[in-house]
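What follows is a short report on a single structure.
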Protein chains: 2
Amino acid sequence: MLHKRVIRSLHRIVGRRNVLTAPADLLLYSYDSSTERGRPDAVVLPSSTEEVAGVVQVCGKHGLPFIARGAGTNLSGGSVAPHGGVVVQLSRMNEVLEIDLPNQRAHVQAGVVNLDLQEMLAPHGFQFCPDPASQKVSTIGGNVAENAGGPHCLKYGVTTNHVLALTVVLPSGEVRHFGVPVVGQPGYDLVGIFTGSEGTFGIATEMTLRIVPLPEGVQTVLAIFDHLDTAGEAVSQIIAAGMLPAALEIMDRTTIETVEASFPTGLPTDVEALLLIEVDGVNEGLARQVDRCAEICRKLKARQVETGRTPEERDRLWHARRSAFGASARLNPGILVNDATVPRTRIAEALRQMQEIERRHDIRIAKLYHAGDGNLHSNILFDPASPGERARAQAASADIFRVAAEAGGTITGEHGVGTEKIKYMGLIYSQADIEAQRALSLVFDPERLANPGKVLPAPETAG
Amino acid sequence: MLHKRVIRSLHRIVGRRNVLTAPADLLLYSYDSSTERGRPDAVVLPSSTEEVAGVVQVCGKHGLPFIARGAGTNLSGGSVAPHGGVVVQLSRMNEVLEIDLPNQRAHVQAGVVNLDLQEMLAPHGFQFCPDPASQKVSTIGGNVAENAGGPHCLKYGVTTNHVLALTVVLPSGEVRHFGVPVVGQPGYDLVGIFTGSEGTFGIATEMTLRIVPLPEGVQTVLAIFDHLDTAGEAVSQIIAAGMLPAALEIMDRTTIETVEASFPTGLPTDVEALLLIEVDGVNEGLARQVDRCAEICRKLKARQVETGRTPEERDRLWHARRSAFGASARLNPGILVNDATVPRTRIAEALRQMQEIERRHDIRIAKLYHAGDGNLHSNILFDPASPGERARAQAASADIFRVAAEAGGTITGEHGVGTEKIKYMGLIYSQADIEAQRALSLVFDPERLANPGKVLPAPETAG
C-alpha cells in the first residue's frame with residue numbers, strides 16, 4: 001500500500017481519476033500475456049511527457065519502482081510488477097503527432113496502437129515495418145521497449161531498425177531527446193541501446209519512426225507436408241535459391257489440430273506441417289517467385305500447394321496462422337510461449353529434440369515457428385488446474401532454452417527476457433558479459449527503479 | 001617518446017618487428033583521409049585477439065591512449081592520435097574465419113577489407129550490404145567503428161543493421177563477446193552501442209556479419225539536368241511514387257567539371273546536376289521501374305537520360321560518380337569532406353544556402369550527395385598552400401553544419417564525429433544530452449584511454 005502522501009502527489013500530477021489503487025484494478029494490472037505475475041501498488045494514466053516525468057520524479061523521491069505499460073501483450077513478464085510500485089499506463093498518450101510522407105517518418109506518442117498507425121499509413125501507400133502478432137492491440141511504445149519482431153521481420157528487420165529518435169523520461173525524472181529524425185545520429189547510439197531495454201532505462205514517451213512504401217504486390221503460398229523435416233527442407237531450399245520472402249512460417253500438427261478444433265478451415269489434421277510463404281515486391285517478379293517456391297514444395301512431395309494472389313485468397317491462406325494463438329488460448333487454459341531461436345541449419349535437429357522434450361515431460365507443444373529466422377516459437381500447452389502440469393511446462397521450456405543455447409542460438413528471438421527468462425541468461429552469457437550489461441543499465445538507472453527485476457539476474461552477492 | 005620499458009613490453013607481445021617507432025613510420029600514421037592530424041608514439045601490428053588484449057593491457061598499465069586503426073580511410077579524424085599513444089594497426093588480422101551461407105552469416109577478423117569479403121561472397125550469390133566508397137581498402141573493423149554507410153545504404157541500411165555479434169577487447173584488456181550469431185540477442189544491445197562508437201569503447205577484433213543474397217538484377221539510370229533543383233525534384237517524385245531505389249546520387253557541376261578534367265567521359269560541363277538512380281531486385285520488375293524513373297526525369301526536362309542494363313553499361317554510367325573523389329583529390333591539394341544531412345524535403349533550401357556559403361567564403365564546394373538520404377556530402381576544395389584558404393574552408397564547413405542543424409538534420413550522415421566535428425555536437429545535442437552519452441562511454445572506458453579526444457567534447461570544467 002502506498003502512503004497517502006504519495007497518492008496525493010500522484011493525484012496532483014495526473015488528476016485523481018487517473019490514479020487507480022482499488023484492489024480489483026491493481027489485480028488487472030498484475031498480469032500480462034505471459035504466465036508471470038506481479039501486483040503494483042498503484043496505476044497512473046498520464047496524458048503527456050511532462051506528467052510521466054512528474055510521476056517518475058515522485059517515484060524517485062519515495063524509492064518506488066515504476067513500470068511503463070502499453071497494452072500488456074508482453075510475453076515474458078516485462079509488464080508485471082514483481083516488486084510492486086507504480087504502473088505508468090501510457091494508453092492515453094495515443095496521438096499520431098505527425099505523418100511526414102516525403103521524409104518517410106512518423107512522429108507518435110508511445111500509446112499509439114501499432115495497427116492504428118498502419119491503418120493511417122496504408123491509404124498513403126506506406127507502412128511501419130514491425131508487425132508483431134499482437135499488432136491489433138500492442139502499442140508502439142511496447143514495440144520499442146521489447147524491440148518487437150513479427151512474421152515480416154525476416155525481410156524487414158525488427159523494431160530497432162525502424163526507430164530514428166526518442167523522447168525519453170529518465171529514471172531521474174529528466175526528459176531527454178535521443179537520436180535525430182534523419183539518418184545519422186552523431187555520437188553514441190542511445191536510440192539503439194534504449195530500444196529493447198524493456199523499460200529498464202526509463203520511459204520513452206514519443207518516438208520518430210521510419211516508414212517505408214508498402215510493397216506493390218504480395219502473394220502467398222501455402223504448402224502442406226506429411227513431415228515436419230521436409231517443410232524445414234523447403235525453407236532451406238527457398239533461401240538457398242537466393243529468395244528473401246517477406247515471411248516463412250511453419251505450423252506443426254498440434255497447432256493445426258488446435259486451429260481446426262476452434263475455427264475449422266478444412267485443413268487436414270493428419271499432416272505434420274503447414275508452411276506459409278509470403279513473397280512481396282514489384283508485381284512483375286511475384287509470379288515467378290511464387291511458382292519457384294511452389295515447385296520446391298511440390299518436389300519435396302508437399303501433399304497440397306495453394307497460392308493466394310488476391311487479398312481474399314491470401315486472407316484465407318493466412319487464416320489458420322492468424323487464428324493459431326487464439327485457438328490455442330481457447331482450448332488450453334495455460335500456454336507458456338517460448339521463442340528460443342537456433343541457426344536455421346539446426347532447426348531439424350532442434351525439432352527432433354523438442355519431440356523428445358514433449359515425451360520426457362509428458363506435455364504438448366504447439367509449434368508455430370518463424371522458420372526463416374530459426375525462431376522455434378513454441379506454445380507449451382498446460383492446464384494450471386492439473387497438479388504439476390505448470391511445473392512440467394516450465395521444465396519443458398527450460399529444456400528448449402538449453403537445446404537452443406547448445407545449438408548456438410538464443411533464448412529469445414523477439415519476446416524479450418522480462419522476468420521469465422532471467423534464469424536462462426547464463427546459458428547465453430558469461431557472468432562477466434552479464435556484468436557488462438549491468439554496468440550499462442546502472443548509467444540510466446542507478447537507483448534500480450525503472451522496471452526492476454527484469455532482464456538481468458540480481459548481482460551475485462559477494463563472499 | 002615511449003619509455004624503453006613500454007617498448008620492450010610491446011615487443012614481447014607482438015614481436016620486435018611488429019612495433020614501429022621510427023619517426024618516418026609514425027608520421028605515416030599521423031594522418032587519415034580527413035584533414036585532421038595527430039602523431040602516435042608507437043604503432044603495433046598484432047595478429048590475434050590475445051595480442052590486441054596484451055597491447056591494451058600494457059597501455060592501461062602505463063596510462064597510454066590506444067587507437068585502433070584499419071585502412072585509415074576515416075573522414076573525420078577517427079584514426080589519428082591527437083593525444084599520442086599506441087596505434088593498434090589491425091591489418092594483419094585479415095582472415096575470413098567462416099562463411100556460413102545457409103545461415104546467412106560471415107565471421108571475420110577486423111582487418112578484412114570490405115571488397116575482399118564481397119569478392120568472396122559474390123560467387124555464391126551473396127553480399128555484405130554496407131558499401132562505403134572506400135570499400136576497396138577500408139576494413140570491416142573500420143566500417144563497424146564508424147557505422148559506415150555507402151550509396152546503397154538508402155535501401156539496405158548502414159553497418160549497424162548488419163552486425164550480429166562482436167568479439168571485443170575492452171579498455172581493461174579483458175575480452176568480451178557481445179551479441180549472439182542469430183537474430184535476437186537477449187538483454188541490452190551491446191553490439192548496437194559498440195557499432196559506431198569510433199573506437200572509444202574498446203577494439204572489436206572479430207565480427208559476425210549478416211550476409212544476404214545479391215539482388216537478381218540491377219539497372220541504372222543516368223539523367224543530366226540543367227538545374228540542381230529539378231534533379232532534387234526528380235528524387236522527390238521517385239520516392240513519392242513509392243519506389244525505393246538502391247541508390248539515388250547527385251553530382252553537381254563543380255564535381256562534373258572536376259571529373260571531366262581528370263578522367264574525361266564526355267559529360268557536358270554546362271549543366272548543374274547529374275542524377276544516378278540504381279534499381280535492383282527481381283529481374284521482371286526492373287524494366288518498368290527504370291522506365292518510370294526515366295519518364296519522371298524526362299518530364300522534368302532532363303537534358304539527357306540514359307539507362308544501363310548490362311554490367312558494362314552500368315559501369316560506364318557509374319564511372320563519373322566513382323571517379324569523383326579521386327578526381328577532386330587529384331586536382332585539389334586540399335579537400336574538407338562534409339557529410340551534413342538534412343530531411344529530404346529541405347534539400348533544395350540547403351543547396352541554395354550552400355551557394356550563399358560558397359560566395360561568402362570565396363570557396364568552391366563540390367557536391368556529391370546521397371540525395372535519397374538527404375546527405376549533402378560536399379567536398380570543400382582548398383589549397384593548403386594558399387594563405388587563409390584552409391580557414392575559409394573550415395568556416396564554410398561550419399556554416400554547412402549550421403544550415404543542416406537548423407533544417408532539423410545532423411552533422412554526420414555516415415562519416416562519424418571523430419575530432420573534426422566535436423565542436424559541432426552542441427548544434428545537435430544539449431549539454432545534458434551530451435553528458436548522457438559521456439556517462440555511457442565511461443562505463444566502457446573509465447580511464448579514457450580508448451581513442452581519446454574523439455566523439456564528445458571535453459567535459460565542461462566546473463566553476
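The values are calculated or read from the model by the stated rules, or taken from the named source; none is laboratory data. Just so it is clear, the model here is predicted, and its values are computed rather than measured. So basically every Cβ, Gly included, is an ideal-geometry build from the backbone, and we count neighbours across all protein chains shown. Ligands, DNA and RNA are stripped out before the accessible areas are found, and what is left, the full protein with its side chains, is counted by its heavy atoms. Shrake-Rupley method; radii C 1.70, N 1.55, O 1.52, S 1.80 Å.
The listed residues are B:G413, B:G334, and the only one of them that is within 14 Å of another protein chain (Cβ to nearest Cβ) and closer than 21 Å to B:Y424 by Cβ turns out to be B:G413. Screening the candidates A:S34, A:S9 for the property of being among the small types (G, A, S) and farther than 21 Å from A:G63 by Cα yields one hit, A:S34.
Would you say A:K61 is modelled with pLDDT under 95 and open to solvent by 30 Å² or more (accessible area, probe 1.4 Å)? Considered against the rule, which asks whether it is modelled with pLDDT under 95 and open to solvent by 30 Å² or more (accessible area, probe 1.4 Å), A:K61 comes out as no. Taken together, B:V163, B:V158, B:V169 contain a single residue that is in contact with a Leu (Cβ under 8 Å, 6 or more places away or on another chain), of a type in the set (A, V, I, L, M, F, W, C) and on the phi < 0 side of the Ramachandran plot, which is B:V163.
Among the conditions (1) part of a helix (DSSP H, G or I); (2) of a type in the set (S, T, Y); (3) within 11 Å of chain B (Cβ to nearest Cβ); (4) buried (at least 24 other Cβ atoms within 10 Å of the Cβ), A:S197 misses just one, which is (1).
Of the residues making up the range B:197-214, at least one is touching a Lys or Arg at 6+ places or on another chain (Cβ under 8 Å) and hydroxyl-bearing (S, T, Y).
Say we look at the range B:99-129 and pick out the residues that are within 14 Å of chain A (Cβ to nearest Cβ) and among the hydrophobic types (A, V, I, L, M, F, W, C); which of these is nearest to B:N74 (Cα to Cα)?
First, the residues of the range B:99-129 that are within 14 Å of chain A (Cβ to nearest Cβ): B:99-107, B:121-127, B:129.
Subset that is among the hydrophobic types (A, V, I, L, M, F, W, C): B:99, B:101, B:106, B:121-122, B:126, B:129.
Details: B:I99: 27, B:L101: 30, B:A106: 24, B:L121: 25, B:A122: 26, B:F126: 26, B:C129: 19 Å.
Among them, the one singled out is B:C129.
Residues of the range B:225-283 that are part of a loop (DSSP other than H, G, I, E, B) and either open to solvent by less than 20 Å² (accessible area, probe 1.4 Å) or touching a Phe, Trp or Tyr at 6+ places or on another chain (Cβ under 8 Å) (or both): B:M243, B:P245, B:A246, B:V271, B:E272.
With respect to the conditions (1) open to solvent by 10 Å² or more (accessible area, probe 1.4 Å); (2) farther than 22 Å from A:W318 by Cβ, A:M354 lacks only one, and its number is (1). Just one of the listed residues (B:R288, B:R314) is free of Cβ contacts under 8 Å to residues at least 60 places away in the same chain and outside any loop (DSSP other than H, G, I, E, B), namely B:R288.
Answer yes if at least one residue in the range B:418-440 is open to solvent by 30 Å² or more (accessible area, probe 1.4 Å), of a type in the set (S, T, Y) and modelled with pLDDT under 95, and no otherwise. Yes - at least one qualifying residue is present in the range B:418-440.
State whether one or more residues within the range A:92-104 are aliphatic (A, V, I, L, M), touching a helix residue (DSSP H, G or I) at 6+ places or on another chain (Cβ under 7 Å) and over 23 Å from B:I347 (Cβ atoms).
First pass over the range A:92-104, keeping only residues aliphatic (A, V, I, L, M): A:93, A:96-97, A:99, A:101.
Imposing the further condition that a residue be touching a helix residue (DSSP H, G or I) at 6+ places or on another chain (Cβ under 7 Å) reduces the set to A:96, A:99, A:101.
From what's left, over 23 Å from B:I347 (Cβ atoms): A:96.
Scanning the range A:92-104, I find at least one residue that is aliphatic (A, V, I, L, M), touching a helix residue (DSSP H, G or I) at 6+ places or on another chain (Cβ under 7 Å) and over 23 Å from B:I347 (Cβ atoms), so the answer is yes.
For the range B:210-224, taking the residues that are in a strand (DSSP E or B) and open to solvent by 20 Å² or more (accessible area, probe 1.4 Å), the one that is farthest from B:I256 (Cα to Cα) is identified as B:R210. Within the range A:324-370, restricting attention to residues that are farther than 14 Å from A:R402 by Cα and small (G, A, S), the residue that is modelled with the highest pLDDT is A:A366.
When each of A:C297, A:C293 is tested for being within 14 Å of chain B (Cβ to nearest Cβ), assigned to a helix (DSSP H, G or I) and at pLDDT 95 or above, the lone residue that passes is A:C293.
For the range B:416-445, the set of residues classified as within 10 Å of chain A (Cβ to nearest Cβ), closer than 21 Å to A:F444 by Cα and in contact (Cβ under 8 Å) with a residue 60 or more places away in the chain consists of B:L440, B:S441, B:F444, listed by residue number.
Yes or no: A:S9 open to solvent by less than 40 Å² (accessible area, probe 1.4 Å) and in contact with an Asp or Glu (Cβ under 6 Å, 6 or more places away or on another chain)?
On the way: open to solvent by less than 40 Å² (accessible area, probe 1.4 Å): yes; in contact with an Asp or Glu (Cβ under 6 Å, 6 or more places away or on another chain): no.
No; evaluated as a whole, the condition is false for this residue.
Which residues, taken from the range A:29-58, are buried (at least 24 other Cβ atoms within 10 Å of the Cβ), of a type outside the set (V, I, T) and more than 15 Å from A:K454 (Cβ to Cβ)? Hits for the range A:29-58 are A:A42, A:P46.
Here A:G374 meets each of (1) surrounded by 22 or more Cβ atoms within 10 Å (Cβ to Cβ); (2) touching a residue at least 40 places away in the same chain (Cβ under 8 Å) with one exception, condition (2). Using the structure shown, decide if B:E306 is assigned to a strand (DSSP E or B) and either basic (K, R) or open to solvent by 40 Å² or more (accessible area, probe 1.4 Å) (or both). So B:E306 fits the description; yes. Residue count for the range B:257-286 under the criterion of being within 14 Å of another protein chain (Cβ to nearest Cβ) and within 22 Å of B:C153 (Cα to Cα): the result is 7. Residues in the range A:79-131 that are open to solvent by less than 50 Å² (accessible area, probe 1.4 Å), outside any strand (DSSP E or B) and among the charged types (D, E, K, R): A:D131 only.
Among the residues making up the range A:141-193, a single one is surrounded by fewer than 23 Cβ atoms within 10 Å (Cβ to Cβ), within 8 Å of chain B (Cβ to nearest Cβ), under 22 Å from the mean Cα position of the chain (by Cα) and assigned to a loop (DSSP other than H, G, I, E, B): A:G157.
Filtering the range A:200-235 to residues that are in contact with a Cys (Cβ under 6 Å, 6 or more places away or on another chain) and either within 12 Å of another protein chain (Cβ to nearest Cβ) or not β-branched (V, I, T) (or both) leaves A:A223, A:A234.
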